[in-house]
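The values are calculated or read from the model by the stated rules, or taken from the named source; none is laboratory data. Predicted model only: the values in this text are computed from it and were never measured. So basically every Cβ, Gly included, is an ideal-geometry build from the backbone, and we count neighbours across all protein chains shown.
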Amino acid sequence: MRILFAITLIICSLGANAQEQKIGYAEWDYIFSLMPEYKKIDSDLKAHGAQLEAQMKAKYQDYESKLKAYQNLPATTPDAIRADKERELQGLQEAIQKFQQDAETSVRTKQTSLMEPVYTKVGNAIEAVAKENGYTYIINPQMVGGGDILLYSDEKYNISDLVLKKLGITPPAK
């Protein structure tokens, strides 16, 4: 009897605690899309990408012109010269592949360094809004890979517009 009473008491207290918890959610993509910093970051990343792409294109054009010159060598060209040109072409191919890998790393690194202060700023605003409005948890409904964490959410618990206001951004009318 005592065990049954203790279990009932525990279940009731868990139910009472669950009712006291307030859970909300913030849509990071929505918040970021309205931030001036994000628009500047997007512009900077596009410019950085375009610069790297131009460098890649120049390297590839150099490779293609040397390949064409190699292909147009007269049949009487000595094997030593042909072998030297083949090594040069192989070296250019390897340099292009390395540049491509380095460029991808560079874009990711730049994106991380530009976004980190924005993540911190938004995170601080979310924390402030959550505390001001008595939320116990704030969830991001978008998971990495595009899936949602929430299967259902009531729009009244969406604090995204409150976070935007905390950041000094006027949310668009709904």
Query raised in the report: Within segment 98-109, is there a residue that is modelled with pLDDT of 90 or more and of a type in the set (Phe, Trp, Tyr)?
Result: yes
Report task. Would you please name the residue that is surrounded by the fewest Cβ atoms within 10 Å (Cβ to Cβ), looking only at residues in segment 82-134 that are among the small types (Gly, Ala, Ser) and under 18 Å from residue 25 (Cα atoms)? Result -> 134
Query - Top-ranked residue in segment 5-58 [being of a type in the set (Phe, Trp, Tyr) and part of a helix (DSSP H, G or I); ranked as modelled with the lowest pLDDT] - result: 5
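Kindly indicate whether residue 157 is modelled with pLDDT under 90, closer than 20 Å to residue 21 by Cα, of a type in the set (Ser, Thr, Tyr) and loosely packed, with under 15 Cβ neighbours inside 10 Å.
Judged against the criteria, residue 157 is not a match.
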**Report entry** residue 108 being assigned to a helix (DSSP H, G or I), more than 30 Å from residue 45 (Cβ to Cβ) and either out of contact with any His (no Cβ under 9 Å at 6 or more places or on another chain) or of a type in the set (Phe, Trp, Tyr) (or both)
**Finding:** no
